[in-house]
Amino acid sequence: MDLSTARAIVTGGASGLGAATAQHFRSRGAEVTILDRDAGGRDFAAGIGAGFVQTDVTDEGSVAAAIAQAVERMGGIDVCVNCAGIAIGEKTVGREGPHKLDSFRRTIDINLIGSFNVLRLAAAEMARNGREENGVIVNTASIAAFDGQAGQAAYAASKAGIAGMTLPIARDLARSGIRVCAIAPGIFGTPMLRGLPDEVQDSLAAEVTFPKRLGDPEEYARTAAFIVEMGYLNGETIRLDGGLRMR
């Protein structure tokens, strides 16, 4: 698929990996509509020439309305990149007792169910495009899906779900001409991580095999663009982590 003529929606596109993706896609000529619960993303979207719809990915009605607005604005959808997500740190049994069920459920609800909620409705629109290749879906997993750390039960479970559903959904959507892949980022220099002390960032970077640095969100964006344009790539989860294998 030619990214320069694509019509893309990006969830979580107001910051971090999603913002980098929205900006990169726009620089390549794609039409972009950002779906994010942070209304502040409206200014960012306007600055890069993208549309914006305030959206709760966990709410069926909210996503359906956002998809409809994106279709009205762009005339259809060719690409869906799911970057909306949260990360929590909580032990299964910690000093204050067992893991809170609400926080576990919320992580799964946003990261996993939210991604599926968006992609299923986006795929229904893509299927109407009437071409041999009707669309591309890119979800965001994490190396935590494979190398989850202490305190990451909820986050790792949500991201393992993303990786696990990639191939079945690709098989489901093959008849509609839609490809599905996922990216599993390692340690990336998102605003949340850049807010940590320099010594913490340096220690994290030192764990990376090579190059020994944090990932640049632009590298995630370029990988998403590669997936869109590489027509034979389907049903795959790509680790983007500098060879990092968490201990």
Yes/no for Phe210 being modelled with pLDDT of 95 or more, within 29 Å of Gly135 (Cβ to Cβ) and not polar (S, T, N, Q): no
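One line per residue, one yes/no per condition, for (1) surrounded by 22 or more Cβ atoms within 10 Å (Cβ to Cβ); (2) among the acidic types (Asp, Glu); (3) in contact with a Ser or Thr (Cβ under 8 Å, 6 or more places away or on another chain):
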site	(1), (2), (3)
Ile113	no, no, yes
Arg120	no, no, no
Gly130	no, no, no
Val136	yes, no, no
Asn139	yes, no, yes
Pro168	no, no, no
Gly177	no, no, no
Single residue of segment 1-11 satisfying the filter (in a helix (DSSP H, G or I) and either β-branched (Val, Ile, Thr) or in contact with a helix residue (DSSP H, G or I) (Cβ under 8 Å, 6 or more places away or on another chain) (or both)) that is surrounded by the fewest Cβ atoms within 10 Å (Cβ to Cβ): Thr5
Selection count, segment 6-54, where residues are free of Cβ contacts under 8 Å to residues at least 60 places away in the same chain and among the hydroxyl-bearing types (Ser, Thr, Tyr): 2
Segment 64-97, subset more than 16 Å from Val32 (Cα to Cα) and in contact with a Ser or Thr (Cβ under 7 Å, 6 or more places away or on another chain), residue surrounded by the most Cβ atoms within 10 Å (Cβ to Cβ): Gly85
Boolean, Gly235 is more than 20 Å from Gln152 (Cβ to Cβ), in contact with a Ser or Thr (Cβ under 8 Å, 6 or more places away or on another chain), of a type outside the set (A, V, I, L, M) and in a loop (DSSP other than H, G, I, E, B): yes
Extreme residue, nearest to the chain's Cα centre (by Cα), among residues of segment 12-57 that are among the polar types (S, T, N, Q) and buried (at least 16 other Cβ atoms within 10 Å of the Cβ): Thr21
Residue count for segment 138-182, restricted to those that are among the small types (Gly, Ala, Ser) and part of a helix (DSSP H, G or I): 14
Failed item, numbered, when Val228 is tested on (1) under 30 Å from Pro98 (Cβ atoms); (2) surrounded by 15 or more Cβ atoms within 10 Å (Cβ to Cβ); (3) among the β-branched types (Val, Ile, Thr): (1)
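Of all residues in segment 121-137, which are within 19 Å of Gly13 (Cβ to Cβ) and not in a strand (DSSP E or B)?
Scanning segment 121-137 gives Leu121, Ala122, Ala123, Glu125, Met126.
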Counted residues, segment 196-218 - those being assigned to a helix (DSSP H, G or I) and touching a residue at least 24 places away in the same chain (Cβ under 8 Å): 2
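The values are calculated or read from the model by the stated rules, or taken from the named source; none is laboratory data. Quantities reported herein were computed from a predicted structural model and do not represent experimental measurements. Cβ sites come from the backbone with ideal geometry, for glycine too, and all protein chains shown count toward neighbours.
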